[in-house]
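Scroll down for the structure; my scribbles are underneath it.
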Ligand code: FAD
């Protein structure tokens, strides 16, 4: 039985703690905040409940798997439903369409409203399955930094399919060569933002992302997104994992190139192995100051961050669903503003999530809880107070214009989050939502590994390391790290 110390309690840490406890080890998780879950947290204002971070839940079996591993019935801890409707899309010229859980319905809707060939769209969506399979076997389930990954049968399947995987063109070029209507291109380009990247730069390989929604489904957990980390925390506690809240780790103690413990303001704790769930940049810069720094990785461009408005509305809108997008008419300029000029465009794309559409208890009767996310650059010292108030105004005007009704009078409670606050609350460098951006092949596929070659017994899990950000990939990072741990034990 080994003693394992974990820095941070984000979703990847909870998964890692559960996996280690299932192997019979004693796990201690140190968390700077007073609660588990990191970017997943919730709050309430005047009867409106909000999930502060993620709003879209895909691949729920990756959560279920942890309960099954612990020989528990997932349904005793955690429940969710599949959303019949995935997202409602709005453009300024009044074009509108909805995507559905059934690919045939989505293809029909796109053909009807955007003039695409229905069969072509349907085949495109179904074809994502095959590409996803190849990439997930190679990339999402294994460490890319182990020779065994590159020599196995699955790797060869990947090599043979390289021309089909779109490593050498951008996501935008690929969609542009596939669809005739720029709005269809925009709709599929949007998925680059699911890992905080720019569709005009990110490799076409990432065009597999919509497969998660269109073929595998968008889900909503009972009790809100927070139920994901609350239930995993409960499982971890039931398995004997110990949590130390309000205890920030200040150093990973290393001796003879081995991680041997953690240091906090309360003292030093010896461990046989250490796992960091802290963003990779501060992990090195704050916890491993005396170690060699992986300079190239730490200098990579960061993924986008977000300005999030939480608005309690005292009215409900039939034309809105659980997930809604109000597209910018200047999509390419919007990404240039974010990734090149490090600011926000005056016509931003606006995402509105309304959980009270499926969970009426999240808002007072007759009202709705609007979670509004606008992609923005990570924090490099911009004037956020000014950008937040400018963006608030632009969002109100845009939604009012498109819905044909002034929404301002209906906002009766509000709060917001910006990159500074995300950084303060979760230690993510610059408040980036997904670690490094995937705006080139190197960055997309060669993130920091889930271990450190030169420091024994040190592992990494979470959105800033392999395989990437977002809940499903964070859960995969824990699975890969646990496998590496077992191989090294
Ligand atoms: P994090 O959530 O980053 O948590 C790290 C934890 O470690 C924090 O609790 C922090 O306090 C703690 N910590 C850090 N340093 C220390 C230290 N030195 N000592 C002690 N504790 C420490 N993903 C999706 O799948 N779907 C979405 O719809 C989605 N939308 C998002 C919207 C927003 C607004 C945000 C912010 C993120 C969104 N994401 C989404 C991304 C997703 O939330 C993250 O990829 C994921 O939650 C990151 O988990 P993590 O395990 O890396 O840890």
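The values are calculated or read from the model by the stated rules, or taken from the named source; none is laboratory data. Model, not experiment: these values are computed from the prediction. Ideal geometry is used to build each Cβ from the backbone, glycine not excepted, and the neighbour counts take in all protein chains shown.
Tabulated data
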quantity	calculated
Scope region 1-19; condition in a strand (DSSP E or B) and away from the ligand (no atom under 11 Å from the Cβ); matching residues	3, 4
Among (1) within 16 Å of the ligand (Cβ to nearest atom); (2) within 30 Å of residue 404 (Cβ to Cβ); (3) without any contact (Cβ under 8 Å) to a residue 12 or more places away in the chain, the one test that residue 111 misses	(1)
Residue ranges of helices (runs of 4 or more DSSP H) in region 326-436 with at least 1 members within 14 Å of the ligand (Cβ to nearest atom), within 24 Å of the chain's Cα centre (by Cα) and closer than 24 Å to residue 468 by Cβ	419-426
Residue 22, sole failed condition from (1) within 16 Å of the ligand (Cβ to nearest atom); (2) under 26 Å from residue 451 (Cα atoms); (3) in contact (Cβ under 8 Å) with a residue 12 or more places away in the chain	(1)
Residue list for region 28-71, filter: surrounded by 19 or more Cβ atoms within 10 Å (Cβ to Cβ) and part of a strand (DSSP E or B)	29, 30, 37, 42, 48, 49, 50, 51, 57
Residue selected from region 229-257 under the condition assigned to a helix (DSSP H, G or I) and away from the ligand (no atom under 16 Å from the Cβ), by the criterion surrounded by the most Cβ atoms within 10 Å (Cβ to Cβ)	234
Options 97, 69, 62, 114: the member that is closer than 12 Å to residue 184 by Cβ and in the same structural domain as residue 404 (by TED's automatic domain parsing)	97
Test: residue in region 209-217 that is touching a helix residue (DSSP H, G or I) at 6+ places or on another chain (Cβ under 8 Å) and at positive phi	no
Residue ID - farthest from residue 478 (Cα to Cα), chosen from residues in region 286-304 that are within 11 Å of the ligand (Cβ to nearest atom) and outside any loop (DSSP other than H, G, I, E, B)	286
Selection within region 264-278 - surrounded by 15 or more Cβ atoms within 10 Å (Cβ to Cβ) and either assigned to a strand (DSSP E or B) or more than 12 Å from the ligand (Cβ to nearest atom) (or both)	264, 269, 271, 272, 273, 274, 275, 276
